[in-house]
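Notes for the one structure printed next.
Read the figures in this text as sums done on the coordinates, not as results from a lab. If you're wondering where the values come from, they're calculated on a predicted model, not measured in any experiment. A quick note on method: Cβ atoms are made from the backbone with ideal geometry, for glycine too, and the neighbour counts reach across all protein chains shown.
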Ligand code: SF4
């Protein structure tokens, strides 16, 4: 996660998180999976015993690791895994921004497009034909079942303002903890240079 320009870091948001820590109020945390492979969430689980410390400090209000069906209002921090590749991702990204004080691009797919972005050199129709009609899969089943693909896969910050970035494919648990624990303390998230690598 890199230091943010002042215009995006919004210290007021961080102060609110710090105030919550001081009053004992739990931080409302969400994690979201857009166009990604879930590897970033698996790395999150590798926080191991630090998950217990995290559980004391946060209320997990939405996550693929939980059972909430709709993204709630009033979220403090949202970690977003994955790029924006289809209309569902696009609508979710807009809703996340509207309902979250701090949005974090979590992993290389969210930060750069990464693996899902590898389809960008193909027109969408050619891609669907190759995967579903000419390849081993079934023919496309229509927009009601398969969300319409965007012409290009884009990183999250191309769609909404993002407050912080955690690179890595996946980010290792140390950098995840460095970033998340700083946010919980209401501090700016600054990763040392070795933690700013991609891949
Ligand atoms: S950044 Fe890597 S581990 Fe995370 S969702 Fe993308 S491909 Fe998977």
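Side notes on the structure shown:
- For region 45-199, the C-alpha radius of gyration divided by 2.2 N^0.38 Å, with N the number of residues, is 1.15.
- Per-peptide average of other Cβ atoms within 10 Å, ordering 26-34, 153-161 highest first: 26-34, 153-161
- Each label was represented as a point 7 Å from its Cα along the Cα-to-Cβ direction; for residue 185 and residue 172 these points are 2.0 nm apart.
- Relative contact order (percent, whole number), region 73-199, Cα cutoff 8 Å, 6+ residue spacing: 31
- By DSSP, the beta bridges lying fully in region 23-153 are antiparallel in about 10 percent of cases.
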